[in-house]
């Protein structure tokens with residue numbers, strides 16, 4: 001079994017059956033697995049699965065006050081902009097293009113730290129990074145941690161059911177996990193620490209970063225707009241934090257092939273270039289699967305790429321020293337041949 005097949009903790013229902021077909025558990029089975037995975041009383045190594053749900057629970061009071069104390073048209077607009085554009089764009093900048101794919105480099109760790117904390121903290125980096133490498137290696141196949149063919153709830157519960165690293169890795173395999181994570185700047189456990197906590201990162205670091213980040217952003221937003229703005233921003237973060245789990249389901253055609261000629265050029269998987277996530281968060285997802293290491297994913301004229309604008313701006317300011325941009329290669333390999341074919345058909 002290859003490393004990429006064993007790096008994640010396999011769910012109790014398994015990835016595939018004896019014929020190699022994807023196992024599609026019922027919603028009841030998925031929730032049963034989820035509650036088993038967050039049970040820190042049974043196994044403290046489940047902490048990293050629990051922390052995702054715990055963050056959502058801690059955000060609920062902010063949502064209550066947003067709805068029943070501070071709701072207004074202005075705050076609703078702020079809520080939508082922060083949830084759909086700011087949080088989404090940051091997720092692409094930080095988790096997707098930097099932490100996972102290392103598509104650009106920072107001049108100094110301070111710029112990395114600032115980028116990491118530009119918004120309210122949600123996912124521990126480890127939950128996203130390692131599983132996303134598996135996703136790219138096994139897109140839409142058994143073992144893909146958020147396989148759309150498994151259904152909507154298969155993706156929605158993937159952060160607890162499918163995205164944690166295995167608790168039984170050898171030291172050699174664990175060192176490969178560390179290779180995925182070193183660029184993030186997150187302090188990493190020794191192999192002995194991994195055996196104790198079942199993760200590459202330490203719970204105390206994640207909790208301290210959580211407290212620091214939330215305290216900072218509540219203070220800043222309160223200073224700008226009082227409790228109304230602070231509760232709105234935290235509520236928007238919760239909204240994004242919950243529903244971003246559905247992105248891979250919709251972004252991969254809900255498990256069906258829905259590619260559009262002239263828009264979706266990568267046919268090796270079900271990923272799609274969709275307008276809303278593309279324009280709001282730079283998630284031109286089919287382009288990204290075609291060039292996962294590129295700091296830019298908006299290749300066509302209309303494909304606005306806000307994360308790329310941020311990265312390129314930092315480059316011009318000297319905070320980013322290098323990046324990978326695959327637009328020219330995309331045009332050479334895919335766009336120019338398509339135009340020549342269209343011209344030949346017209347002639």
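What are the semi-axes of the equivalent ellipsoid of the chain, taken as the square roots of 5 times the eigenvalues of the Cα gyration tensor, listed largest first and rounded to whole Å?
Numbers: eigenvalues 184, 149, 91 Å².
One finds semi-axes of 30, 27, 21 Å for the chain.
Once you treat every alpha carbon in segment 200-241 as an equal point and sum by Debye, what is log10 I(q)/I(0) at q = 0.22, 0.32 Å⁻¹? The computed values of log10 I(q)/I(0) come out as -0.74, -1.00.
Here is how the number arises for the chain: DSSP H runs of 4 or more residues each give -39500 (n - 2.57), the sum is divided by the residue count, and the result at 222 nm is -16000 deg cm²/dmol. State whether segment 40-99 is rounded, prolate or oblate according to the following rule on the C-alpha gyration tensor (a ≥ b ≥ c being the square roots of its eigenvalues): a/c under 1.5 gives rounded; otherwise a/b larger than b/c gives prolate, and the remaining case gives oblate. Because a/c hits 1.5 or more and a/b fails to exceed b/c, segment 40-99 counts as oblate.
Tell me the relative contact order for the chain as a rounded percent, counting alpha carbon contacts under 8 Å between residues six or more apart. Intermediate values should be presented prior to the final figure.
On the way: 504 pairs, mean separation 81.8, N = 347.
Here the relative contact order equals 24 percent.
Here residue 16 and residue 328 are evaluated by their C-beta separation; at R0 = 45 Å the FRET efficiency comes out at 0.70.
The gain in end-to-end length when the residue 64 to residue 102 segment is fully stretched comes to 9.9 nm, 0.36 nm per residue minus the alpha carbon separation. Taking label points 7 Å from Cα along the Cα-to-Cβ direction, residue 243 and residue 35 give a separation of 2.7 nm.
Give, in nm to one decimal, the length gained when the segment between residue 179 and residue 222 is fully stretched (0.36 nm per residue of separation minus the Cα-Cα distance). Spell out each step's value before the answer.
Details: separation 43, 0.36 × 43 = 15.48 nm, distance 3.91 nm.
Here the answer is 11.6 nm.
Note on the chain: GNM, Cα springs under 10 Å; of 154, 334, 312, the largest mean-square fluctuation is that of 334. When the chain is treated as a Gaussian network with alpha carbon springs shorter than 10 Å, the biggest mean-square fluctuation among 163, 116, 303 belongs to 303. Extending 7 Å from Cα along the Cβ direction at residue 208 and again at residue 6 yields two label points whose distance is 3.4 nm. From the alpha carbon centroid of segment 254-305 to that of segment 80-131 is 19 Å.
Computed from the C-beta positions of residue 77 and residue 260 and an R0 of 41 Å, the FRET efficiency is 0.85 to the nearest 0.05.
Taking 79, 68, 35 as the candidate residues, the one with maximal mean-square fluctuation in a Gaussian network model of the chain, Cα springs under 10 Å, is 68.
Every number in this text was worked out from the coordinates using simple rules, so none of it is lab data. Everything quoted here is computed from the prediction, not taken from an experiment. Cβ coordinates were reconstructed from backbone atoms using ideal geometry, including for glycine residues, and neighbour counts include every protein chain displayed.
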